[in-house]
Amino acid sequence: MAGTTGTVPAPSRAPGAGAAGAAVEFRGVTRSYGAVRAVDGLTLRIAPGETVALLGRNGAGKSTTLALLLGLLPPTDGTVRLFGGPPEAAVRAGRVGAMLQEGRPVPRVTVRELLTFVTGAHPRPMDVGEALELAGLGGLAGRRIDRLSGGQAQRVRFAVALAGNPELLVLDEPTAALDVEARRAFWDSVRGYARRGNTVLFSTHYLTEADEFADRIVVVDRGRVAADGSGADLRRRAGGALVSFDLSGAPTEPLAALPGVGAVEIRGDRALLRTADSDATVRALARLDLIRGLQVAPAGLEDAFLALTAPAPKETV
Amino acid sequence: MFGYARLEILRALRDKSYVIFGLGMPVLMYLLFTRLGAGAGTEWKVSAMVGLAAYGALGAALGSGNGVAEDKGLGWLRQLRILPLSPRQVIAGRVLTSAVTVLPAIGAVLLAGAVVNGVALAAWQWAALVVLLWLGTAPFTLLGLGNGYRLSAQATGLANTGCMLLLSVVGGLWFPVGAFPGWLRALSSWTPANRFAELGLSVTRGGAPALTTVAVLAGWLALFGGYAAYAYRRAARTV
């Protein structure tokens, strides 16, 4: 396996597309706070229409990366481009909508008043009713935001991000305050919005969320891109799927030579094969008639994540 | 800018502390200062009215910075930064908000002067007084906003209250400048609050404000405006 800083080329990356075609482009971006480098030489390109997850531990540099992307922080070094121009220009043109992490509700205004203001500030907004509906706020338009529950307030922030009808939607750990059902509804809305041809970039530390809702996962670790690819790509790097079956006394020697198999483990009468290509392995097992109690476990993205990131934040020399 | 101002005006008018401190305090102080001591002269009733209307307006104007500091803590400033609004539009919206919330503070004291203390001025004088006191608050709004964008919520409250007290006292809004020692009187005439009250007092004397008065205020306006713009740009950076 390659070192932790290697990148898997993303399949969605169009060869030869110029910088002007990218929705988001980071080139060698560094952001230091004193001696600490929160973002350290980050290079990243996101094409229009992609849904990308920025996956990393707390403190990996996700929020700083998004603040740089939105022009809230100037980079110490390197360049950030949105739609080929500086972030401020894209923001000023209403092409970016964002849901920030720290946002607490603005006191003394209703949901509708806030959204009316936000749509009014944008050149090509959606109407307030549509934003309310997309964010699942139908019955709450007349309520004061500071009197909503945490989950409802979160949906208000989502509505604010959507209301300008942006081409690029940026969501910083968007589902933190949502319960399971609300989370489902939230991602349905995001998906619907992405399907209109918009670009979505969200940060998360939930592996399953990244896997399920993003076309592409960018693993960030210590301010760098540690890996970049689809969930399947990342799994493959960690050794793919885990295939297990009952041996029933069959010989174990040929197993290591089966297609795709990387490692073999025998537990009592059960064989566990770590494979990079579970389809080929299962087909080969079927030919050998070794399919009793066959199980294919979707290999841990968690394994992949742990393999791709450093075990604990430590000083780099 | 107008959409933003509209939202902030709604927020300000729904704030109870605005109603108490912005409107109630100056009226109460005016009545105390003019009614307690027996036989307050007409001149004092007029100058105290202008001084305390100016003080109320000053408080409301500086107070708009407290709201800004609160917004920063909420992350609302960062949200504004990623909307298609320029810093100038945001600050202009805030100044406009302040202009609207300052007006009742001025009106309340003038009304108390006319109704309770029987201050009699010509109609044009009342109108000019309101307009000049109203326009004259702009530098203080910008100072308050600058503090709000630059400092934490707590520090802003202290800084704005400190600025208000210092400027009011040195500017002669509470006590007539005539009671000051000579050196302080000279200094006082260069301070923004003093010139601000002078805008109004010149009207009650039946004249137009002197050019130097307007020039001094314009200088403070430019200075505080620059401070507010600088502070706003820095504000959204801090997480």
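Remarks
- Chain B: relative contact order in percent, alpha carbon pairs under 8 Å with at least 6 residues between: 27
- Percent accessible area from carbon and sulfur atoms, segment A:221-261, protein chains only, probe 1.4 Å: 54
- With respect to chain A, whose longest principal axis is taken over its alpha-carbon atoms, helix A:180-195 is tilted by about 80°.
- The residues of segment A:204-283 present an accessible area of 42 Å² per residue when probed at 1.4 Å with all protein chains retained.
- Solvent-accessible area buried by A and B, counting both chains, probe 1.4 angstrom, square angstrom: 2600
- Apportionment of accessible area to carbon and sulfur, segment B:79-182, percent (1.4 Å): 75
- Percent of beta bridges antiparallel (DSSP, segment A:19-235, rounded to nearest 5): 50
- The contact residues of segment A:118-135, meaning those that lose at least 10 Å² of 1.4 Å-probe accessible area when all protein chains sit together rather than their chain alone, are A:Val118, A:Ala121, A:His122.
- Residue among A:Glu302, A:Glu25, A:Glu265 with the largest mean-square fluctuation in a Gaussian network model of chain A, springs linking Cα atoms under 10 Å: A:Glu265
- Each residue was assigned an accessible area with a 1.4 Å probe, and for A:Asp179 the value is about 100 Å².
- Theoretical FRET efficiency, 1/(1+(r/R0)^6), r = Cβ-Cβ of A:Arg184 and B:Leu103, R0 51 Å, to 0.05: 0.55
- Shape call, segment A:239-300: gyration tensor on alpha carbons, a/c limit 1.5: rounded
- Rg ratio for the protein assembly as shown: its Cα radius of gyration over 2.2 N^0.38 Å, N being its residue count, equals 1.31.
- Rg/Rh for chain B stands at 0.98; both radii use Cα atoms, and Rh follows the Kirkwood definition.
- Chain B - mean residue ellipticity at 222 nm from DSSP helices (-39,500 (n - 2.57) per run, n ≥ 4, rounded to 500): -25000 deg cm²/dmol
- Between 0 and 90°, nearest 10: helix B:153-170 axis offset from chain B longest Cα axis: 20
- Fraction of accessible area attributable to carbon and sulfur, segment A:146-199 (%, probe 1.4 Å): 45
- Solvent-accessible area lost in complex, 30 Å² minimum, residues of segment B:1-37 relative to chain alone, 1.4 Å: B:Leu7, B:Arg11, B:Arg14
- Value at 222 nm in deg cm²/dmol, rounded to 500, when DSSP H runs of n ≥ 4 in chain A each add -39,500 (n - 2.57): -8500 deg cm²/dmol
- Given their separation in residues at 0.36 nm each and the Cα-Cα distance between them, A:Ile291 and A:Asn58 gain 79.7 nm when the chain is fully extended.
- Burial of 40 Å² or greater, segment A:55-75 residues [accessible area, probe 1.4 Å, versus chain by itself]: A:Leu72
- Helix A:278-287 and the long axis of chain A differ in direction by around 30°, with both axes built from C-alpha atoms.
- The value of relative contact order for chain A, using C-alpha pairs under 8 Å at least six residues apart, is 20 percent.
- The alpha carbons of segment A:19-235 stretch over 46, 36, 35 Å along the principal axes, in descending order.
The values are calculated or read from the model by the stated rules, or taken from the named source; none is laboratory data. Given the structure is predicted, the values throughout are model-derived calculations rather than measurements. We place every Cβ from the backbone using ideal geometry, glycine too, and count neighbours over all the protein chains shown. When the accessible area is computed, the model is the full protein with side chains, heavy atoms only, and any ligands, DNA or RNA have been set aside. Shrake-Rupley method; radii C 1.70, N 1.55, O 1.52, S 1.80 Å.
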